[in-house]
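Read the structure below first, then the notes.
The values are calculated or read from the model by the stated rules, or taken from the named source; none is laboratory data. Please read all numbers here as calculations on a predicted model, not as lab measurements. Please note: Cβ atoms are built from the backbone with ideal geometry, for glycine as well, and neighbour counts cover all protein chains shown.
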Amino acid sequence: MLMRMMEEVSSSQVDPPFLKTYNKLFDNLNETASGAAGQKLIRDAELFSLEQWELPLIDLEKLNKGESQRAKCKDEIAKASKEWGFFQVINHGIPREILEKMRSEQIKAFRRPFHEKVESNDEDSILAESYKWGTPSATCLDQLSWSEAYHVPLSSISASDESDHHYGGDGLRSTMKNCGKAMSELAHKLAEILAENLGHKSTFFRQTCLPSTCYLRMNRYPPCPISPHVSGLMPHTDSDFITVLHQDQIGGLQLVKDGKWIAVKPNPDALIINIGDLFQAWSNGVYKSVEHRVVTNMLNERFSLAFFLCPSYETVIKSCVDPAVYRRFSFKEYRDQVQDDVKKFGHKVGLPRFLAV
């Protein structure tokens, strides 16, 4: 049945050619699969039976309601970062109109024909050379991500006020600029609260995480005819300090909690926040960078927008307390090691590579 579905699915002008490009990876997907392959099909199908959990919900309006409420809100942020590595925030200060406009512009960007997305190299376009899809290094289905994305540095968004020539005017540029600025401010606010919780009133994040080093990533997960046997985004941890995520209501985000995968229940009023590897290292393991993934959907496409709070490549990451769990390392050293591991093993190793001896 699975192979028949693959053969019958019609190609879309806007969708990447996943089936054609990665056809050799689908050899074991057939209805007579047995043994290890059959067991994998069963495990894949179980992805959709996971219990949906609501992430800790934090009302940031309490930061403006007196010392007692402010202290309580900060404690909630720290607790969720320690116990979950993920939480969601409401009354976060980013107007709904900006997020809705961003979603509209994002959809327009992904609706362009695939060949235009791949060949986008106009220097006047903020989307130039930022398009990515699939997993070029994948050698098996477990390493393939059924998704496409625009990975856009904030510096390229604010570098020019000229129109984006690719599809009519500067709507995307101005919207991304407004959204990126608002998400950046939120991420910095949360980072400072988490640093304060550890006894550090540091300007470290303001000094190192700048528009020239942070970026927005627009994601689209096309309908997948072989769902759930391939991931929308393979399991990973984020390599930044903090990620701010705005997602639609299709669902699909899953994370590890107490050693088990759980599905995250979408909340239309909230943004999702998660701790990245750099914050886990900087906090000496107090805050947790948690493995997460996105599962595919056979019928519906899914959209999300992520802001990543990243430092410059030269920034040295070291524990804020002693004795240190992790050795000192630069962000460039970390990124290079991650890329090397992905090439060699097909997946990220991450922080275990940087444990103190």
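Could you list, in sequence order, the residues of the stretch 287-337 that are under 18 Å from VAL357 (Cα atoms) and of a type in the set (Gly, Ala, Ser)?
Listed by number, the residues that qualify are SER319, ALA324, SER330.
From LYS65, LYS79, which residue is at pLDDT below 95 and basic (Lys, Arg)?
LYS65
A quick yes/no check of all residues on (1) of a type in the set (A, V, I, L, M); (2) part of a loop (DSSP other than H, G, I, E, B); (3) in contact (Cβ under 8 Å) with a residue 24 or more places away in the chain:
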residue	(1), (2), (3)
PRO268	no, yes, no
ILE273	yes, no, yes
GLN280	no, no, yes
SER289	no, yes, yes
ASN297	no, yes, yes
ALA306	yes, no, yes
LYS332	no, no, no
LYS343	no, no, yes
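Among (1) surrounded by 12 or more Cβ atoms within 10 Å (Cβ to Cβ); (2) at pLDDT 95 or above, where does ALA33 come up short?
(2)
Would it be correct to say that ILE90 is among the aliphatic types (A, V, I, L, M) and surrounded by fewer than 18 Cβ atoms within 10 Å (Cβ to Cβ)?
Judged against the criteria, ILE90 is a match.
Collect the residues in the stretch 231-266 that are within 17 Å of GLY85 (Cα to Cα) and among the charged types (D, E, K, R), keeping them in residue-number order.
Result: ASP238, ASP240, LYS257, ASP258, LYS260, LYS265.
Among the listed residues ILE77, ILE94, ILE58, which satisfies the condition of being of a type in the set (Val, Ile, Thr) and farther than 16 Å from LEU194 by Cβ?
Residue meeting the stated conditions: ILE94.
Anything in the stretch 180-228 that is within 25 Å of ARG70 (Cα to Cα), crowded, with 20+ Cβ neighbours inside 10 Å, among the small types (Gly, Ala, Ser) and out of contact with any helix residue (DSSP H, G or I) (no Cβ under 8 Å at 6 or more places or on another chain)? List them, or say none.
Listed by number, the list holds a single entry, ALA187.
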